[in-house]
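Here is the structure we will look at.
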Amino acid sequence: MGGVGIVFHNGSRTPERRARGLESIGSVTDRKERFRQLATQQLPGLYAIARRMVDDDAEDAVQDALMKAYRSFDQLEDEDAAPAWLASILVNCCRDLGRRRARPPDEVSIETDEGFSLYRRLAHEDPWPYSDSLHLDFLQRFTRGDVREVLAEMPEIYRVPLVLVHMDGFSTKEVARIVDAPLGTVLARLHRGRKLFEKMLWDYAVRNGLLRGDG
Amino acid sequence: MITCSEAVKRLWDYLEGEVGSKDRGAIEEHLGVCRRCCGELEFAQELRRFLSHHSSEDLPESVRARLVYFLEDLT
């Protein structure tokens, strides 16, 4: 699995980077302080990822990840890679937490429809015939809570790459390392995840009456 | 020239810069003549902004305080 056990670095280590790296940290107190600083900076991002993966268990997942990251801090060769390294540990902790708490397996039962186009479905159904900005009007119906619910319904294998790339700003290469999967697999899941997200936005809107009223 | 279906399947990858030069050329050739796929492209851009806009999950101050305390307590 990704995260703990994998040495994270950016692949282009300059002497300056090495000097800033962990080699220069001598005492346990310094090491702990450096970890604390790095981790504190990442808390909002880590919490956001955990919320989208395990919802109300986010705080537990982040604590678990911080503990594991602290114990394997020596494996982080380059502090520039700290966000992706911490995220990889957190993603695994969220998966473990989900398994321990016997959440229903969400990798199955939802098939992606790669031919679905939300753009065309909206144009075809035309829920607000007098709107000049039909597609934007549709998106503006969704609150942050609605988006969270849609994402929560997505199978994890599609949700995680989608969230990490489009909401947390990681590159696809970083996501491949975070989820410990080949880049081609991540790209394929991202592609299916986007189409599934479009389909699930539409289904959610129909189910929750977001298509009613004026555009 | 590629079909609408083929173009639409690659639009997100196109926006992310994850298509090769040959595919990029084919998509741009199609977009040059297909108004509907240009609409699809604009909507894909809107969806990317939509996801980014909804990305923030506020870290409650009480949770932040507990996590900071937890970090300080690590030995």
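When each of A:Arg31, A:Arg52 is tested for being within 11 Å of another protein chain (Cβ to nearest Cβ), modelled with pLDDT under 85, within 27 Å of A:Val147 (Cα to Cα) and part of a helix (DSSP H, G or I), the lone residue that passes is A:Arg52.
Against the list (1) at the interface with chain A (Cβ under 7 Å from one of its Cβ atoms); (2) farther than 19 Å from B:Lys9 by Cα; (3) part of a helix (DSSP H, G or I), the condition B:Tyr69 fails is (1).
Contact annotation: residue pairs with Cβ atoms under 8 Å, 6 or more positions apart or on different chains, pairing a residue in region A:171-192 that is within 13 Å of A:Glu156 (Cβ to Cβ) with a partner that is surrounded by 22 or more Cβ atoms within 10 Å (Cβ to Cβ) and of a type in the set (D, E, K, R), are A:Ala181/A:Arg189.
Pick from B:Leu41, B:Leu11, B:Leu59, B:Leu51: which is of a type outside the set (D, E, K, R) and in a loop (DSSP other than H, G, I, E, B)? After ruling out the rest, the residue left standing is B:Leu59. The single condition among (1) in contact (Cβ under 8 Å) with a residue 40 or more places away in the chain; (2) away from every other protein chain (no Cβ under 12 Å) that A:Leu201 does not satisfy is (2).
Say whether the condition of being in a loop (DSSP other than H, G, I, E, B), away from chain B (no Cβ under 12 Å) and either at pLDDT below 90 or surrounded by 15 or more Cβ atoms within 10 Å (Cβ to Cβ) (or both) is met by at least one residue in region A:131-141. So far as region A:131-141 goes, yes, one or more of its residues are in a loop (DSSP other than H, G, I, E, B), away from chain B (no Cβ under 12 Å) and either at pLDDT below 90 or surrounded by 15 or more Cβ atoms within 10 Å (Cβ to Cβ) (or both). Annotation note: of A:Gly115, A:Gly184, the sole residue that is at negative phi, surrounded by fewer than 13 Cβ atoms within 10 Å (Cβ to Cβ), more than 12 Å from the chain's Cα centre (by Cα) and in a helix (DSSP H, G or I) is A:Gly184. Taking the listed residues A:Glu125, A:Glu174, the one that is of a type in the set (D, E, K, R) and buried (at least 19 other Cβ atoms within 10 Å of the Cβ) is A:Glu174, with no other qualifying. Apart from one condition, A:Asn208 fits all of (1) within 17 Å of the chain's Cα centre (by Cα); (2) within 23 Å of B:His53 (Cβ to Cβ); the exception is (1).
When restricted to residues that are part of a helix (DSSP H, G or I), more than 22 Å from B:Val63 (Cα to Cα) and among the hydrophobic types (A, V, I, L, M, F, W, C), region A:55-83 contains 2.
The values are calculated or read from the model by the stated rules, or taken from the named source; none is laboratory data. Just so it is clear, the structure is predicted and the values come from calculations on it, not from any experiment. With ideal geometry, Cβ positions are generated from the backbone for all residues, glycine too; neighbour counts draw on all protein chains shown.
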